[in-house]
Amino acid sequence: MAQKMMSCRDVALRLQTYLDGELDETRMEQIRAHLDACVDCGLEADVFADIKKDLAAQAIPADSDALARLREFSARIAEEANG
Amino acid sequence: MSNAPSTGPVGQDARFNEYVVPELDVLYRVAYSITRNKSDAEDLVQDTLLRAYRAIERFDGRYPRAWLLTIMRNAQVNRVRRKRPELMHDPDETMARMADESAEAADAESQLLDKEFEAPIEAALAALPEKFRRVVELVDLNELSYQEAADALGIPVGTVMSRLHRARRNIRQHLEASPLEET
Ligand SMILES: [Zn+2]
C-alpha cells in the first residue's frame, strides 16, 4: 500500500466533515478507502449519510410566488436607481 | 464620474444580475430559516437586495453567496435592533430569540396540521435547541457550505462544525430512541 490506512479514531473525528465534502481531496480519499475496508466505520458512515439524506428531504419546497415577486423586486431596484 | 465599464448604472445592473439574482432562491430559503415566517423572509430578502445593489460596485466578484449571506445577516441584525433595541447584546442569541418567538406562532399553527404524517426525522429536528437546529437547516436542508453558514449566522466556521456535528449525534439518538416505524 502506498499510503498507510487512517485509524478508526481519525476517521470518526472527520466523518461528519467528510460526509459534508468539506475535506481536501487527499483526506477525502483516505477516508473513502478506510470506509470501504472497515465494516464498523462503514456502517457508522451509512447511518449519518442516511440522516443527512432524510434532512435534505425536509427542505421546504421553493416558493415560486415569493421568488417571482423577488425577481420583480430585483428588476425594480435597478429601474428606480437608474430612472 | 468615471467612464470605466464596470461602474455606472449599466455595469452595476449587469453585476447585480450576474451575482445576486441567481442566489434569490437560496437567499429566500435562508431568510425563511432565520425568520420562520414567509412575509418576514420576503422582507428580509428585499432589504438584502437593496443593500447588495448599493454595495455591488465594491464587491470583488468572489463567493457571491457568502457575500450576500453576510449582507443578509447585517440586515437581520439591523431589523432586530430596530424592533428590540434592548436585546442587542449578542446578535447570535438575539437572532435565535427572535426566531424562537416567531417559531412559537408557526409551531402553534403546525400543531393544528395533521401530526400523523410527521416523519421521525422532522420530530428529531424540531426537538433540537434553536441554535443547533439553525445550523442543520442551513447546511443539511439548504445545502450551504460551512463557510456560507458561518457568514449567514455571523459565527466562526469552527462553531458551525461543532454545532452541526453535535446536532447530528443528537438527531441520531432521538431516532434510535423513538419506536421504529412499520414499513
Ligand atoms: Zn474503521
### Task
Would you point out which residue out of A:15, A:19 is open to solvent by 30 Å² or more (accessible area, probe 1.4 Å), closer than 28 Å to residue B:150 by Cα and in contact (Cβ under 8 Å) with a residue 24 or more places away in the chain?
A:19
### Message
For region B:140-167, which positions are within 19 Å of residue A:15 (Cβ to Cβ), open to solvent by 10 Å² or more (accessible area, probe 1.4 Å) and aliphatic (A, V, I, L, M)?
### Response
B:157, B:161
### Summary
A careful count of residues in region A:50-60 that are touching a Leu at 6+ places or on another chain (Cβ under 7 Å) and part of a loop (DSSP other than H, G, I, E, B) gives 2
### Task
Name the single residue, out of those in region A:1-49 being in a loop (DSSP other than H, G, I, E, B) and away from chain B (no Cβ under 14 Å), that is nearest to the ligand (Cβ to nearest atom).
A:38
#### Entry: Sole exception among (1) farther than 23 Å from residue B:145 by Cβ; (2) within 16 Å of the ligand (Cβ to nearest atom); (3) among the hydrophobic types (A, V, I, L, M, F, W, C) for residue A:66, by number
(2)
## Note on the structure
Within region A:68-83, residues touching a helix residue (DSSP H, G or I) at 6+ places or on another chain (Cβ under 6 Å), of a type outside the set (Val, Ile, Thr) and surrounded by 12 or more Cβ atoms within 10 Å (Cβ to Cβ) come out as A:70, A:73, A:74, A:78
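The values are calculated or read from the model by the stated rules, or taken from the named source; none is laboratory data. Because the structure is a prediction, the values reported are computed rather than measured. Every residue, glycine as well, gets a Cβ built from its backbone with ideal geometry; the counts of neighbours run over all protein chains shown. Keep in mind that these areas ignore ligands, DNA and RNA; they rest on the heavy atoms of the full protein, side chains included. Shrake-Rupley method; radii C 1.70, N 1.55, O 1.52, S 1.80 Å.
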